1. Could you work out the mean projected area of the convex hull around the alpha carbons of segment 24-105, in square nanometres to one decimal?
2. Taking Cα atoms, how many degrees apart are the long axis of helix 3-15 and the longest axis of the chain, rounded to 10 and kept between 0 and 90?
3. For the chain, what does the helix formula give at 222 nm: sum of -39500 (n - 2.57) over DSSP H segments with n ≥ 4, over the residue count, nearest 500 deg cm²/dmol?
4. Among 111, 56, 24, whose mean-square fluctuation peaks in a Gaussian network model of the chain (Cα, cutoff 10 Å)?
5. What longest region of the chain stays clear of trypsin sites (Lys or Arg not before Pro) that DSSP places outside H, G, I, E and B and that have at most 10 other Cβ atoms within 10 Å?
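Where a number appears in this text, it was derived from the coordinates with a stated rule and is not lab data. Predicted model, so just to flag it, every value in this text is computed and none were measured. Every residue, glycine among them, receives a Cβ derived from its backbone with ideal geometry; neighbour counts consider all protein chains shown.
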Amino acid sequence: MKLPRLIPNALRSLFRRPTTRRYPAEVRKPYAGSRGEIVNDASACILCGLCARRCPTSCIEVDKHLCLWVHDPFACVLCGWCAEVCPTDSLTQTEQRPTPRTVRQRTELHPTPPQRPAKPKDA
Ligand code: SF4
Ligand code: SF4
């Protein structure tokens with residue numbers, strides 16, 4: 001670009017609103033249907049492990065014996081597949097972008113697995 005054209009452009013830019021947002025201080029409202037954060041309602045999770053088996057990035061771990069459900073948001077690509085396969089709908093995908101973090105932190109939940117029905121006593 002030649003200098004005579006550059007100067008008016010630079011001057012105009014000084015008085016224009018910025019064309020980008022100061023993310024994460026300014027967050028844009030998500031579009032309807034945006035693929036956002038994964039949320040697990042521990043009270044409805046039965047620790048079946050389907051979400052962990054289907055996750056393409058292996059960012060979910062489920063241990064039924066330890067009553068543990070773990071999600072690593074740093075490895076999650078927000079595909080939503082885990083929420084689609086969850087049989088109890090305890091996993092949902094919101095429209096909100098995940099909160100930006102500087103420290104790697106996993107989400108750990110301790111759902112209570114359903115109890116097996118007691119065996120009927122012999123008559
Ligand atoms: S979140 Fe859903 S799919 Fe994953 S272990 Fe719990 S019930 Fe199963
Ligand atoms: S949204 Fe996709 S990548 Fe993220 S936990 Fe679910 S299945 Fe895995």
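1. Values: hull surface 23.9 nm².
Over every viewing direction, the Cα hull of segment 24-105 projects on average to 6.0 nm².
2. 60 degrees
3. Working: 3 runs with 23 residues, N = 123.
Calculated at 222 nm, the ellipticity per residue is -5000 deg cm²/dmol.
4. Most flexible of the set in this elastic network: 24.
5. So the longest stretch without any such site is 29-100.
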